[in-house]
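The values are calculated or read from the model by the stated rules, or taken from the named source; none is laboratory data. In this text, all values refer to a predicted model and were calculated from it rather than measured experimentally. Ideal geometry is used to build each Cβ from the backbone, glycine not excepted, and the neighbour counts take in all protein chains shown.
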Amino acid sequence: MKRFFTLLVALAAFGMSSSALAQAVIKFDKTSHNFGTFKEADVQTYVFTFTNTGDKPLVIQQAFSSCGCTVPEYTKKPIMPGKTGQISVTYNGKGKFPGPFRKSVTIRSNATNAMVRIYVEGTMDNAQK
């Protein structure tokens, strides 16, 4: 009887530990995009694509940028394992200093890699068209 109880406890512990290991994982196709050179009046947008390579649903809890000129929009619904989602990043340099820039967007989620950064960069030219 003792052996049976010990075996039962061991199996229960193994079952809990294997289910605790199951998690979402966010994997981006690419983590940086260069817009190249563009005019100040031209608002730039790029859509980053990611995949949930884990085995639990992925939920993006927050996406925020390093400044107000960069605005992220992201998939609000849970991303099931093996499925993809998108984060659209828009850069509006109106009124900003011309020249090269690099802006980050931080993504927080329930994934094992809970905080990931993606980047947009380029060179803004304020010369008139």
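Being free of Cβ contacts under 8 Å to residues at least 60 places away in the same chain and not in a strand (DSSP E or B) is the filter here, so list the residues in the stretch 31-52 that pass it.
To start, the set of residues in the stretch 31-52 that are free of Cβ contacts under 8 Å to residues at least 60 places away in the same chain comprises 42-43, 45, 47, 49-52.
The answer is 42, 43.
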Problem set entry | Scope the stretch 106-128; condition over 21 Å from residue 86 (Cα atoms) and either hydrophobic (A, V, I, L, M, F, W, C) or surrounded by fewer than 13 Cβ atoms within 10 Å (Cβ to Cβ) (or both); matching residues | 124, 127, 128
Problem set entry | Sole residue being at pLDDT 95 or above and within 10 Å of the chain's Cα centre (by Cα), chosen from 47, 105 | 105
Exercise. Checking residue 85 against (1) in a loop (DSSP other than H, G, I, E, B); (2) at pLDDT 90 or above, which single condition isn't satisfied?
Worked result: (1)
